[in-house]
């Protein structure tokens, strides 16, 4: 594709292309992403929940028109679910079918071959015929052993299966690893990645995101809403509102026909922006006492 | 450019950031692939290649400013070992960019300026040197996590250490076994080694001045000692009481908050170490054995009450060891109503313990059992 080539010539081009695919990124994100692509290195993204870490990978795969292979990490995730598994049932059937006319050596050689292999996300990402985008989401949820299994893949783009041998990647996938920093990742893993920390967006960027998502919204309302969210984040909250929650809130306001950030909007914020009772109380109290509304501003 | 990157990597290592050679090579490759060279872009690229931890960002900013903003600093004459090492590094790979004098000046910086050393090590090598008492609530959780990790690491190391030791024959069983063979000791019997489980008694000062500090220390003790032995905690302001049951090892921080609501440790409200030691002597001295270790946690500010050193001497004679952790700096020991200078001679070790790295130092010097 012609456009693709010109798009990735520079970080600026990347900003624009991702913008077309619904992701507003700043220079920092674009530069690092650009570098990761140039160097063919995995990109480790950290930051608070809901700042668009996963979304970045999705937008990137959209823009590159590559398949997104997603591995959602959770405690107890093991290699049979992440890398590969032998198709046990198929192996059994094969053995039964071959029962009469073969000896054991032949069968053993046959059943441990690629056709009996069930590719899980990681293996899938390197054996895929077209280059893919691999997203390993919330890597901090798995234990260190699992992290160690990733090293071979991330460093050399290969996976070793004892019965078969080493499978090399046909095309190095673009890899995104995300982490919420609930645990320190190992040095070995970090060494193999480029690092990107995404923080809550600045007011301008967040406004851009809101405008992008709700093209019909008034400029004034968008900036008021974003200012309100930014102020909310500065409170001592259990869970600061994420971008996704900002969008939910704005959507709720639009649905409710509100065109300014007033008391009603704040009440809505209590159910969309914040999800902790304590946080909601705090917000209501602050907004009651402080000069938080448009109409209090005179 | 190459020299600047290598200098930057050295400065970062100096500050405690783990920067490996492949990462330096990555960053050079990345710079080569850059379409434009403006400082913010270079900074972003280098940051993503060299620094993989949000906490090290401020260290990076300072090191970057030093490595890139002053391309031709004055060459420093007093270059020590550090600069010699850096020079070897840089000289080996140095490309043609930059004059000779500039190059030398660049590279001499890390070791050359004596003042640069504390600047890089003290402020920002992670959370290790953040004083407990001034820890921001946001950082506190992270620091507690670090404390836990350090403690666990140490507990496992100590475990290896105590496994050594030679077998000792068990003559009683040897004799008994030999009877079956008519008195010939065919089967040797060895004394079973007892698992080394020291008991740790913690006596902690619960007065107000100690509150910011307690969660960290108790977290440490519960992660470290609880893996290897039994821990009992005693608290006092002027009266001693056992508070082991109040402290939930899984949520030490909350437990400490609850302690403040508890009566029974305070009568007059003025810290009195002498009376606390007296209480411990009366109620618990019989439990002290060679395998019991006492850790006193307090600032030793005794409000000029009697010191109670006799009790301390008695504990020392009975217990395996007494260690004192003081959140105050060593410089202020013995000033005003601090009795630390009086107590220190009665302890096997007295440590100032303001931050995680000092806590680490204390644990390193420990040999529980």
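The numbers here are math on the coordinates, done by the rules we state, and not lab data. Just so we're clear, the structure is a prediction, and the values are computed from it rather than from any experiment. Backbone-built Cβ (ideal geometry, glycine too); neighbour counts: all protein chains shown.
Worth a mention:
- Among A:86, B:324, the order by Cβ neighbours within 10 angstrom, fewest to most, reads A:86, B:324.
- Sorting B:174, B:31 by the number of Cβ atoms found within 10 Å of their own Cβ, with the fewest placed first, yields B:174, B:31.
- Entry note, the range A:110-209: relative contact order of 34 percent, from Cα contacts under 8 Å with a spacing of 6+ residues.
- Degrees between helix A:27-39 axis and first principal axis of chain A (Cα, 0 to 90, nearest 10): 10 degrees
- Separation of the residue B:335 and residue B:309 label points, Cα + 7 Å toward Cβ, nm: 2.2 nm
- From the alpha carbon centroid of the range A:77-124 to that of the range A:202-235 is 53 Å.
- Highest mean packing first, where packing is the average number of other Cβ atoms within 10 Å per residue, the peptides B:297-309, A:88-100 line up as B:297-309, A:88-100.
- Mean partner shielding of peptide B:40-52, defined as the number of other chain Cβ atoms within 10 Å of each residue Cβ, is 6.
- Cα long-axis angle, helix A:243-255 against chain A (0 to 90 degrees, to the nearest 10): 50 degrees
- Dividing the mean sequence gap of close Cα pairs (under 8 Å, 6+ apart) by how many residues chain A holds gives a relative contact order of 20 percent.
- FRET efficiency estimate (nearest 0.05) - Cβ-Cβ, residue B:129 to residue A:106, R0 51 angstrom: 0.20
- Peptide A:18-31 has a mean shielding of 2, counted as Cβ atoms of other protein chains within 10 Å of each residue's Cβ.
- Fewest-first sequence of B:233, B:147 by Cβ atoms within 10 Å of each Cβ: B:233, B:147
- Rounded tilt (10° steps) of A:219-233 against the dominant C-alpha axis of chain A: 70 degrees
- With each label modelled as a point 7 angstrom along the Cα→C-beta vector, the residue B:318-residue A:276 pair spans 4.6 nm.
- Spin-label model distance (nm) - residue B:186 vs residue A:89, 7 Å beyond Cα toward Cβ: 6.0 nm
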